[in-house]
C-alpha cells in the first residue's frame with residue numbers, strides 16, 4: 001500500500017507555506033546578462049505569481065484550459081507555471097529547441113489558449129510555429145521582437161493586483177501535459193496530476209535527501225520530466241535555492257556561482273565534463289597524481305572545484321544509460337554519481353542507485369512504493385506507482401497500448417534483477433535488431449563502450465539484416481579538431497578502440513566498422529531529442545542506404561562529412 005498524500009505537499013500549498021514561513025529568504029537567482037543577477041525571495045515569487053494569476057483568470061477561459069510555456073529555464077518559467085495553476089489552468093511546457101512544425105502540433109493538439117515566450121536562442125526558426133492570433137506574453141529576457149510585439153510579464157505584474165486567498169488544486173486535478181520528446185513518432189501529451197507530483201517527491205525524498213539549505217543549478221530543459229520533478233517540485237517541496245544558467249558560454253561561471261549541493265546531468269554532459277578535465281590533465285598524469293596519498297585529496301578537490309562541484313553531496317545522472325567506465329572515473333575522483341531510471345510516463349520515479357553504495361551496472365532498487373515486474377515472455381520491465389500518468393491527452397488508443405491488460409505500465413525497456421534486487425537495463429524491447437545470420441543484437445551496451453573515447457559524442461549501433469553491426473557516431477568538438485589536423489592518427493586510435501570493444505563482444509555483435517560524422521547531430525536536423533537521445537529511426541532514414549557500402553569498404557574507421 002502506498003502512503004497517502006498530504007494536501008500540504010501539493011504544489012500550490014507548498015508555495016503558500018514558503019510565502020508565509022520564509023518570505024524574505026532568497027528562492028531563485030536569475031542571471032540578467034553581463035555577470036548581473038536578480039534574486040527573488042519567496043515573498044516576491046508569491047507576489048508576482050498572484051498578480052499573474054489575477055491576469056490569467058481575468059481572460060475568462062474555462063477552468064482546466066491549457067496555457068503553454070516556450071522558454072529556456074529562468075525564474076519566470078517557474079512563476080508562469082505556478083500562476084497557470086493558481087488561475088485554475090493546466091500548463092503545457094515546450095522544449096526551447098523545437099522545430100516550428102512540432103511547436104504548431106503541440107499548441108494545436110493541446111488547444112493552448114495562450115503562450116509565454118521567454119528566453120530562446122533560435123527564436124527566428126521557431127517563430128513560424130506559433131499560430132497567428134494566439135495570445136502571447138513575454139519575459140524580461142525574451143528576444144527583442146517578442147518583447148516589442150507582446151505584453152510583458154513586468155507590465156502585467158504592475159497592472160494587476162495579487163490574487164487573494166489560497167486557491168487550492170486537488171490531488172486528482174490535471175496539473176500539466178508533458179509532451180514526450182519523441183524518439184519515435186509524434187510527441188504525446190502525458191497527463192500528470194498534482195497528486196502524481198506530490199507522491200513522486202515523497203518517494204524521491206525517501207532515497208535522496210534534500211532540504212531548504214540545498215542549492216541546485218537549473219539548466220537542463222524544464223520541459224523535461226527530470227528537471228520538472230527534481231528542480232521545480234523539489235524546490236517547492238523543500239524550499240531549496242535554485243540558480244539558473246545564463247548560456248553555454250557562461251555555464252562555468254553559472255555553476256561556480258551556484259556551487260550546487262545536488263547536481264543532475266545527462267550522460268552526454270557528464271562525458272563532456274570528463275573530456276574538459278582530461279584536456280587540461282591527461283589521464284595518465286591524473287592517475288599518477290591520484291596514486292600519491294598526499295596529493296590525491298588535493299587533486300580531487302581541485303578537479304571538483306574546477307567543475308563547480310566541490311560542494312556537491314549528491315550527483316546523479318539519467319535520461320540515458322551511464323557507461324560503467326564513466327561512473328568508475330567519477331567515483332575515483334570522489335564524486336560518485338547515482339544513476340536514475342524512469343520515464344515521462346512515471347515522472348522519472350522508478351529506480352535509482354543508493355547514495356554511498358557502488359551499484360554500478362544497475363539503476364539500483366525501485367523507490368519505495370514502486371512495484372516492478374519483468375515480463376517472462378519479452379523481458380520487458382513493467383511497473384506501477386501512484387506517479388504513473390493518467391494517460392496520453394486525447395489518445396485513448398495509445399493510452400491503452402501503454403498499459404498491460406492488468407494495468408501495468410509498459411516501459412519498452414528490457415531488464416533483469418540481480419540478487420540485491422537492483423535492476424539492470426539490458427536494452428529496448430524494440431531496439432533489438434536481427435542480423436542476416438539470424439542473431440539478435442542489443443545496441444545500448446555496445447554504444448556505452450563506443451562513447452568512452454573522447455573523440456565520440458553520440459552514437460548508434462545499427463545493422464538489421466546485415467552480416468555484422470556497424471557503429472555510427474558524431475565527433476566531439478575535440479574529435480572534429482583532430483579530424484582536421486591529424487585524421488590518420490585519429491583513425492588509428494579509433495581503430496584500436498574498435499578492436500578493444502570487439503574483443504569484449506560475442507562474434508555476432510562485433511562491428512565491421514565505425515563511421516564518424518563531422519556534422520553535428522542536433523535537434524534541428526532531427527537526429528537527437530532535446531535530451532540528447534539518438535533517434536534511431538531517423539538515423540536509419542538519414543544514412544541507411546550507405547550502411548552496406550560502409551560495411552563492405554574494409555575500412556575499420558570512416559570519417560564522413
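The values are calculated or read from the model by the stated rules, or taken from the named source; none is laboratory data. A quick note: this is a predicted structure, and the numbers were derived from the prediction, not measured. No Cβ is skipped: glycine too gets one built from the backbone with ideal geometry, and neighbour counts run over all protein chains shown.
Just one of the numbered conditions (1) exposed (fewer than 15 other Cβ atoms within 10 Å of the Cβ); (2) touching a strand residue (DSSP E or B) at 6+ places or on another chain (Cβ under 8 Å); (3) modelled with pLDDT of 90 or more is not true of residue 484; which one?
All conditions pass for residue 484, except number (2).
Just to be sure before I move on: is residue 43 modelled with pLDDT under 95, under 25 Å from residue 254 (Cα atoms) and in the same structural domain as residue 189 (by TED's automatic domain parsing) in the structure I sent? Show your work before the answer.
On the way: modelled with pLDDT under 95: no; under 25 Å from residue 254 (Cα atoms): yes; in the same structural domain as residue 189 (by TED's automatic domain parsing): yes.
Answer is no for this residue.
Collect the residues in segment 61-87 that are in a loop (DSSP other than H, G, I, E, B) and either more than 18 Å from residue 112 (Cα to Cα) or at pLDDT below 95 (or both), keeping them in residue-number order.
Step one: list which residues in segment 61-87 are in a loop (DSSP other than H, G, I, E, B), which gives 61-65, 71-74, 87.
72, 73, 74 - these are the residues of segment 61-87 that are in a loop (DSSP other than H, G, I, E, B) and either more than 18 Å from residue 112 (Cα to Cα) or at pLDDT below 95 (or both).
Is one or more of the residues making up segment 503-524 outside the structural domain of residue 278 (by TED's automatic domain parsing), assigned to a helix (DSSP H, G or I), surrounded by 14 or more Cβ atoms within 10 Å (Cβ to Cβ) and touching a residue at least 12 places away in the same chain (Cβ under 8 Å)?
Of the residues in segment 503-524, the ones outside the structural domain of residue 278 (by TED's automatic domain parsing) are 503-524.
Filter once more, keeping what is assigned to a helix (DSSP H, G or I): 507-509.
Checking the rest, the ones that are also surrounded by 14 or more Cβ atoms within 10 Å (Cβ to Cβ) come to 508-509.
Narrowing further to those that are touching a residue at least 12 places away in the same chain (Cβ under 8 Å): 508-509.
Yes, there is a match, as at least one residue in segment 503-524 is outside the structural domain of residue 278 (by TED's automatic domain parsing), assigned to a helix (DSSP H, G or I), surrounded by 14 or more Cβ atoms within 10 Å (Cβ to Cβ) and touching a residue at least 12 places away in the same chain (Cβ under 8 Å).
If residue 146 passes every condition in (1) part of a loop (DSSP other than H, G, I, E, B); (2) closer than 21 Å to residue 102 by Cβ; (3) over 25 Å from the mean Cα position of the chain (by Cα) but one, which one does it miss?
The failed condition is (1).
Looking only at segment 421-441, filter to residues that are assigned to a loop (DSSP other than H, G, I, E, B) and under 23 Å from the mean Cα position of the chain (by Cα); which one of those is farthest from residue 514 (Cα to Cα)?
For segment 421-441, the residue satisfying everything is 422.
Checking the conditions here, which among 139, 95, 89, 150 is in the same structural domain as residue 186 (by TED's automatic domain parsing), touching a residue at least 40 places away in the same chain (Cβ under 8 Å) and either surrounded by fewer than 21 Cβ atoms within 10 Å (Cβ to Cβ) or under 30 Å from residue 22 (Cα atoms) (or both)?
Numbers: 95 fails: either surrounded by fewer than 21 Cβ atoms within 10 Å (Cβ to Cβ) or under 30 Å from residue 22 (Cα atoms) (or both); 89 fails: touching a residue at least 40 places away in the same chain (Cβ under 8 Å); 150 fails: touching a residue at least 40 places away in the same chain (Cβ under 8 Å).
139 is the lone residue from the list that is in the same structural domain as residue 186 (by TED's automatic domain parsing), touching a residue at least 40 places away in the same chain (Cβ under 8 Å) and either surrounded by fewer than 21 Cβ atoms within 10 Å (Cβ to Cβ) or under 30 Å from residue 22 (Cα atoms) (or both).
Restricting attention to segment 277-304, report how many residues are exposed (fewer than 15 other Cβ atoms within 10 Å of the Cβ) and either within 24 Å of the chain's Cα centre (by Cα) or over 30 Å from residue 219 (Cα atoms) (or both).
9
Is there any pair with a first residue in segment 415-443 that is without any contact (Cβ under 8 Å) to a residue 24 or more places away in the chain and a second that is exposed (fewer than 13 other Cβ atoms within 10 Å of the Cβ) whose Cβ atoms are under 6 Å apart and which are 6 or more apart or on different chains, and what are they?
Listed pairs, sorted by first residue: 432/440.
Just to verify a result, which residue in segment 376-397, among those that are part of a loop (DSSP other than H, G, I, E, B) and modelled with pLDDT of 95 or more, is nearest to residue 229 (Cα to Cα)? Please lay out each step first, then the result.
Applying the first criterion (part of a loop (DSSP other than H, G, I, E, B)) to segment 376-397 yields 376-379, 385-390, 393-395.
Pick out the ones that are also modelled with pLDDT of 95 or more and you get 385-390, 393-394.
Details: 385: 15, 386: 14, 387: 11, 388: 13, 389: 14, 390: 17, 393: 20, 394: 24 Å.
Looking at residues that are part of a loop (DSSP other than H, G, I, E, B) and modelled with pLDDT of 95 or more, I get 387.
Which numbered condition trips up residue 228, out of (1) assigned to a helix (DSSP H, G or I); (2) not assigned by TED's automatic domain parsing to the domain that holds residue 19?
Evaluating residue 228 over (1) assigned to a helix (DSSP H, G or I); (2) not assigned by TED's automatic domain parsing to the domain that holds residue 19 leaves (2) as the failure.
Is it the case that residue 358 is surrounded by fewer than 18 Cβ atoms within 10 Å (Cβ to Cβ) and either in the same structural domain as residue 171 (by TED's automatic domain parsing) or modelled with pLDDT of 90 or more (or both)? Working first, answer last.
Values: surrounded by fewer than 18 Cβ atoms within 10 Å (Cβ to Cβ): yes; either in the same structural domain as residue 171 (by TED's automatic domain parsing) or modelled with pLDDT of 90 or more (or both): no.
No; evaluated as a whole, the condition is false for this residue.
Condition check: in the same structural domain as residue 168 (by TED's automatic domain parsing) and at pLDDT below 95. Does residue 201 satisfy that?
Working: in the same structural domain as residue 168 (by TED's automatic domain parsing): yes; at pLDDT below 95: no.
No; evaluated as a whole, the condition is false for this residue.
Which of the residues that make up segment 176-188 are over 20 Å from residue 230 (Cα atoms) and either buried (at least 23 other Cβ atoms within 10 Å of the Cβ) or modelled with pLDDT of 95 or more (or both)? Show your work before the answer.
First pass over segment 176-188, keeping only residues over 20 Å from residue 230 (Cα atoms): 182-188.
Hit for segment 176-188 is 188, nothing else.
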